[in-house]
Each structure stands twice: as structure tokens, then as C-alpha cells.
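Take a look at the structure set out below.
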Amino acid sequence: MNIEQQINAAALAAVKELYGAEVPAKMIQLQKTKKEFEGSLTLVTFPLLKTSRKKPEDTAQEIGEYLKANCPVVANFNVVKGFLNIVISEDAWLNLLNAINADEHFGEVKATEESPLVMVEYSSPNTNKPLHLGHVRNNLLGWSLAKIQEANGNKVVKTNIVNDRGIHICKSMLAWLKWGEGVTPETAGKKGDHLIGDFYVAFDKHYRAELKELMATYDASLSEDEKKAKAEAESPLMKECREMLVKWENNDPEVRALWEKMNNWVYAGFDETYKALGVGFDKIYYESQTYLKGKAKVEEGLAKGLFERHEDNSVWADLTNEGLDQKLLLRSDGTSVYMTQDIGTAEMRFQDFPIDKMIYVVGNEQNYHFQVLSILLDRLGFKWGKELVHFSYGMVELPNGKMKSREGTVVDADDLVAAMIEDAYQTSSELGKFADMTEEERREIARIVGMGALKYFILKVDARKNMLFNPEESIDFNGNTGPFIQYTYARIRSILRKAEAQNIVIPETISGVAPCQKEIELVQKLNDYGAAVAQAGKDYSPSGIANYCYELTKEFNQYYHDYTILGEADEQTKLLRLFLVKNVVKTIKNAMALLGIEVPERM
């Protein structure tokens, strides 16, 4: 048992022996002792007063005396009103530090064969354009959530659903046929997703010009809205596009071959972006493969009386009993909607994996969609349907005028990554962080720092909130930033390398030396990692891990400012300090890994 568990158990025994009553474990409330008082942990006695039938001070005094006499980790205590401040023994702190050292991933829980299987869906791109800033936040959140679930002892499958069908895909295909002149990513010298995005924009440009021409030919008595509606209905370009979609639906070999070729260009481009972001997937699903499954599942639900068919042949789910409205599942022509596709994807996933929990990482504009999906999946018999988790996050934007995309409307993910790495290179050069490094090393450090800055800045914010991503703030080597934590990590690694160069051997266990108060606080902070991981898993909160990383790093830097390590004259104290910082650096690395952030060995 750890220190808190031992004190909890002893406090429960104290109440039973002193007052003849057994109380629930939740009534033993431990918290960190305020800095102005002696002690490390404080027991709040107020919940126990009905049982003790004594004043708060007397209850705290009696329990304190019992703990000092019967709990080995308690060295002393003091009472402040109804608060029992507990002084932990030096041996207990050293034993805890040894336990932290013995486990390479102290604070994290390993999955077993019996562990629940959690599936996390994120990214969900369309194949008609490259990934953008919104996708960056989505991918970083999804990857981190998966890592946090793993650290809480779950088996995890990371998955992606690609929107690779529909009218928007046909727009890019038709534009390529009309104006592409056979261009490929290789001949254009462009990533495939950017090339296809260009043709999507080209279609829109020609389509708007066509609408303008058509509207100019209509009777002046029509309003602008009427002219626009008439032009959209009569547009030859859009008619061609719809005809292409019908051919795709009917498995036309030429259309399907073009669709496959252009999608493969996009996937190659996506893979480059995912690699740069440091994210990936265990399984990728495609809407072209799931939408028919969804239709079949809805028809099955219809036969069971779960849904209803209207006179126009459309199929609906009546959700009025759940306080919602009616939801369309199949259009009158039998085609599916997004909800149907999600049902089909769920069916395929459930066949592929024994899912216990499903987490969808999707923006907050889809809150209603997932509320409905949960109800429908539960009706259709998916055991995790009712408790599916929609990890709903807010918008992310850049300050005006910074890093505009090629189209000028959204921020391209590749542009953002390249700019962050270049900013990290320039900032590190100006601050003299690249001394005695080769150009190759400088570029690698810039990549690690630039990506760390981007990821940390996005993940430290409560995901439910809209946020403004400021590249300049994120690269700062001071304050609550990724580079500040990365630089601290590199500083500690430098200390450990110097110790090794001096032939100092850090022992496997430490004993026989008294830690000072600052060292005790650092051990306490290291021990808090497990609680931070558990809370982040419960709350689905990468920001909780980011906050822990910052707090631990601040705690270390205060310690490093006040105490020398390699310059310490007493050999045992020096070994204790090296032993301690070795575990600080290990914990920083493990915690940052849960955010998908690399840490550099030197800076």
C-alpha cells in the first residue's frame, strides 16, 4: 500500500477502536497540508464528528495519537482546529521514492487479457481536401485520449472513418477530368491531398461563374434568390456531377477506377501529415464500405418495429419519448444519411472487435447527432450504444493574418506544421540553444520543439472550449508551454550525462539519508502522477496531464534553483538528488508521451 492507503486504513481502524464504529472509507478525507503548516497530508475530521461525538480538535488529537502509535509511516502530527496535519516519516518517503524508481511506468496501469476494450475514433477526413487546423486539434486529442486510456489499464483500438463517397468527391473528380490535363502528384510536385483540394476549389470557381452567367439570362422580374435557385437547378456542371455520383453508385468501372486513383493520391498525402503529427490508427474504415451496412441495419430495425416508414417511402426513428424529434434514416429514394452511415460503421466495428466502450472525437457542432446515435445504437442492441462517449471539443482558430492557407479560408495542417518547425528553429537559434550541434541535429531538435509547442498549446486547453492558437506564445521557453517542459527535460538529462562522465553510479535503491522538505514535495508530486492519469482517464481530459507536466516541471525548477546537485559535497545527499531527478525526468517523459509529445535529449 502507498502512504495514503496506509493512513486511510489506519484512520478507519482508529475510528473503530476509539469510537466503536465502522465508517465508510469515503469519510476519511485526506488532502495536501497547506504550506504554512508542518506536515504533508491533512486528515479532515469534520465528517467523523457524529461518530466521535467530540469537538473537532479533540477528535483530531485522539486520531493523531493513534496514528503515531500504530501507523509506521506517521512520524508526528499537529492539530489546527478540526484538521489533523500528519508528518510522514523519512523512511516512508524513501520507500515511496524507491517504489517509483522500481517501476518504469509508475502511476500507469498495464492492460491485461481481461481489460475492457476501448475504441477511439478520430480524424474523420473527407477525401476532397487536405487536413486543416480543425483536424490537427481532432487528431492530437484523439491520439492523447487513446494513450490516456491505455495508461488506465484499457486495451485500446485507434480508428478512423474516412468520408470517401458523395457529391463532394465527385466535384474534385469532375474538375480533374475537365481541367486537369492528366496531372498527377508527381508531375505537379504536390502532395496528393493538396492536388485534389485544388481541383475541389477549381470546381467551385467554375460553378460560381456558371451560376453567374445563368442568372444573367433570367427574367428581370425574378428575385436574386429565385434566380440563384433556378440556376442551381439548371447548372450543367452540377448535373454532370450528379450523373457521376449515380454512375459511382452503380459501380461504373471508369468512374470507380478514377475514384480509386484519386483517393489513393489523397491517402498518401494524409499519411505524410499523420506522420508529421505523430499520430496513427489501428484500423481505418471507409464510408464507401459502411453505408450499405447501415441501410441493411436500418431495414432490420424497421422489420422489428424499431423504426417507421412514411408514405413517401422514407424511414424515420421516432425519438419523441426521449424528448427529441423524429430523425430521418433513409430518404424516400432509399439513399442513406450520415446517421445511417454511422450505424453501418458501428455494425462493422462491433463485428471486428469486442468493444466495451466507444469514444467519438468529433466537434461540438455534432452534439445532437451523437445524442441521437447513442439512442439508436442502444435500440439496435449494441451493448455500448447507450454509454457511447462523444468527446465534444470546441473550435480552434489562429490570430488574424497568421499562416493563412492556400485557399485563404482555412489553415492548412501541413503549412501549420512547417511554420511551427521553422519558428522553433529560428527561436532556438536566437536563444543560443543550438551550440555545438550539427545542422542535422538542429533540424531534428527544431522538429521536436516545434511539434511539442503545437501539441502542448492545443492540449493544455480544456477541449470543450473554443481556443485561439497563438504560434508565438507556444514557442516560448518560459511559462506554461511545451518548450519550457522540453528544455527542463533536456537540462536534467544533461545533469545525468555529466554524472555518468564523472563515473557516478546511481544506486537501484536509496536509504540512510534524510530528504529535505523540497525533496519531499518533489516525491509527493511524482506520486501524484498516478492520480493525474486516473483523473484524466475518468474525465477524458488531456489538459489534466498537460497541467501535471507543467506543475512537476515548475516544482523541479524551484528545487534546482535552491539546491545544487552535482556540486553537493555530501556523497549520500548527492546520490539522493541524482536518484530523485532521474525519476523526475522519467515521469516527465512518460507524461508527455501521453500527450504525444517527444522530449529532446539535449537542447
* Asked: How big is the accessible area of Trp176 in square angstrom, nearest 10, if you roll a 1.4 angstrom probe over the protein chains?
  -> 30 Å²
* In segment 231-313, the trypsin sites (Lys or Arg not before Pro) that fall in loop regions by DSSP, at most 16 other Cβ within 10 Å -> Lys304
* To do: Please tell me the relative contact order of segment 453-573 in percent, rounded to the nearest whole number, where contacts are Cα pairs under 8 Å and at least six residues apart.
  => 30 percent
* For segment 350-404, what's the radius of gyration and Dmax over Cα atoms, in angstrom? -> 15.6, 50
* How big is the gap, in Å, between the Cα center of segment 108-125 and the Cα center of segment 20-87? -> 39 Å
* Asked: Counting DSSP beta bridges in the chain, what percent are antiparallel, to the nearest 5?
  -> 50 percent
* Relative to the Cα centre, what is the charge dipole magnitude of segment 148-302, using +1 at the beta carbon of each Lys and Arg, -1 at the beta carbon of each Asp and Glu, and rounding to the nearest 20 debye? -> 380 debye
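If exposed means no more than 14 neighbouring beta carbons inside 10 Å and the site is in a DSSP loop, what's the longest run of the chain without any exposed GluC sites (Glu not before Pro)?
Looking at the chain, 182-310 is the longest stretch - no exposed GluC sites (Glu not before Pro) with at most 14 other Cβ atoms within 10 Å.
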* For every helix of n ≥ 4 consecutive DSSP H residues, a contribution of -39,500 (n - 2.57) applies; sum these over the chain, divide by its total residues, and give [θ] at 222 nm rounded to the nearest 500 deg cm²/dmol. => -18500 deg cm²/dmol
* Calculated from backbone phi, Karplus (6.51, -1.76, 1.60) coupling profile of segment 556-569 in Hz, x at Gly/Pro -> 5, 4, 5, 5, 5, 5, 8, 10, 7, 10, 5, x, 5, 6
* Rounded to the nearest 0.05, what FRET efficiency do Asn70 and Lys50 have when you use their Cβ-Cβ distance and R0 = 35 Å? -> 0.90
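In segment 1-74, which chymotrypsin sites (Phe, Trp or Tyr not before Pro) fall in coil by DSSP and have 15 or fewer other Cβ atoms within 10 Å? Intermediate values should be presented prior to the final figure.
Details: sites: Tyr19, Phe37, Tyr66; in loops: Phe37.
Hits after loop and neighbour filter: Phe37.
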* **Within segment 1-39, trypsin sites (Lys or Arg not before Pro) in DSSP loop having at most 11 other beta-carbon neighbours inside 10 Å** => Lys34, Lys35
* Rough spin-label spacing in nm, given labels placed 7 Å along Cα→Cβ, for Glu440 and Glu272 -> 2.2 nm
* Accessible surface of Cys71 - all protein chains present, 1.4 Å probe, nearest 10 Å² -> 10 Å²
* For segment 126-203, what % of the accessible area comes from carbon and sulfur atoms, probe 1.4 Å? -> 52 percent
* Structure fact -> As straight-line cross-link partners of Lys227, the qualifying lysines (C-alpha separation under 22 Å, not fewer than 8 residues apart within one chain) are Lys205, Lys212, Lys239
* How long, wide and thick is segment 60-178, going by the Cα atoms along their three principal axes, in whole angstroms, largest first? -> 86, 36, 23
* Give Lys68/Lys538; Lys158/Lys586; Lys35/Lys155; Lys171/Lys283 a once-over and call out the pairs whose C-alpha atoms are over 30 Å from each other. => Lys68/Lys538; Lys35/Lys155
* Please give the FRET efficiency for Met395 paired with Asp318, using the beta carbon to beta carbon distance and R0 = 35 Å, rounded to the nearest 0.05. => 0.60
* Asked: If you average the sequence gap of Cα pairs under 8 Å that are 6 or more apart and divide by the length of the chain, what percent do you get for the contact order?
  -> 14 percent
* Heavy-atom accessible area per residue - the chain, 1.4 Å, Å² -> 47 Å²
* Hey, got the dipole for the chain? About the Cα centre, +1 on K and R Cβ, -1 on D and E Cβ, debye to the nearest 20? -> 820 debye
* Asked: Excluding same-chain residues fewer than 8 positions from Lys55, which aspartates and glutamates have a Cα within less than 16 Å of its Cα?
  -> Glu65
* Asked: What residues qualify as long-range amide H neighbours of Asn152, i.e. H under 5 Å apart, gap of 5 or more or another chain, H built at 1.01 Å from N?
  -> Val109
* Just add up the charged neighbours of Gln371: K/R +1, D/E -1, any other residue whose Cβ is under 14 Å from the Cβ of Gln371. => -3
* Lys386: which aspartates and glutamates have alpha carbons under 14 Å from its alpha carbon, excluding same-chain residues fewer than 8 sequence positions away? -> Glu322, Asp356, Asp378
* Take the alpha carbon atoms of segment 312-343, find their center, do the same for segment 529-592, and report the distance between the two centers in whole angstrom. => 52 Å
* To do: Work out the FRET efficiency for Lys178 and Lys538 from their Cβ-Cβ distance, taking R0 = 41 Å, and round it to the nearest 0.05.
  => 0.15
* Counting pairs of alpha carbon atoms under 8 Å apart in space and at least six apart in sequence, what relative contact order in percent does segment 144-276 give? -> 32 percent
* **Carbon and sulfur %, accessible surface of segment 447-603 computed with the full protein complex present, 1.4 Å** => 47 percent
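The values are calculated or read from the model by the stated rules, or taken from the named source; none is laboratory data. Treat the numbers as computed from the prediction; the structure is a model and nothing was measured. Cβ: placed from backbone, ideal geometry, glycine included. Neighbour counts: every protein chain shown. Ligands, DNA and RNA are excluded from the accessible area calculation, which covers all protein heavy atoms including side chains. Shrake-Rupley method; radii C 1.70, N 1.55, O 1.52, S 1.80 Å.
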